[in-house]
Amino acid sequence: MSEMRDMHESIGKAGNADRLRAFVATISRVVTQAERAGSSEPEILAQASAALAELVAHDDWLPEAMARPHPVYYQQHLLYGDPLDRFSLVSFVWGPGQQTPVHDHTVWGLIGMLRGAEVDQRYRVEGGRLLEDGDAVVLSAGQVAAVSPTAGRRAPRAQCA
Ligand SMILES: [Fe+2]
């Protein structure tokens, strides 16, 4: 519980914490309404993408403690965890040249680029081998991308760098 309190105190010290709170409230409403209406994943992603695009259009809400890179590894800072475990909001911080291993996206997710840029490479499995699938895509500040096992542009595997 103290981690949750620390997180909320940290968010409260951000330049424009209202922007982040409003985003969390919007996503909570989107997933609640989607559950009630039986909305499809693309419908959820479209609504949540619009909210995330609005959030990353401004760079005045992320606490500096949640934006610190690690000298060797990319960092993950939990900004918000839904009490019903329906979604979470995480700040991923990459130093120059840092990357993840190739991985699957097994649930829907959205990437909102706040600063800098990310290079995404999609992969496919063919004959038991991992092969690059198309050209790498650069995601720049202010842009939003969706990932999921069924509707994501980076499924089934992606390397985030
Ligand atoms: Fe990823």
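Observations on the structure shown:
- Taking amide hydrogens as placed 1.01 Å from N in the peptide plane, the amide H of Y80 sits under 5 Å from those of L89, each at least 5 positions away in sequence or on another chain.
- Kirkwood Rh in Å, taken over all unlike Cα pairs in segment 12-53: 11.0 Å
- Normalised by residue count, segment 18-161 yields a Cα convex hull volume of 119 Å³ per residue.
Only the coordinates and a few stated rules stand behind these numbers; no lab work does. Everything quoted here is computed from the prediction, not taken from an experiment.
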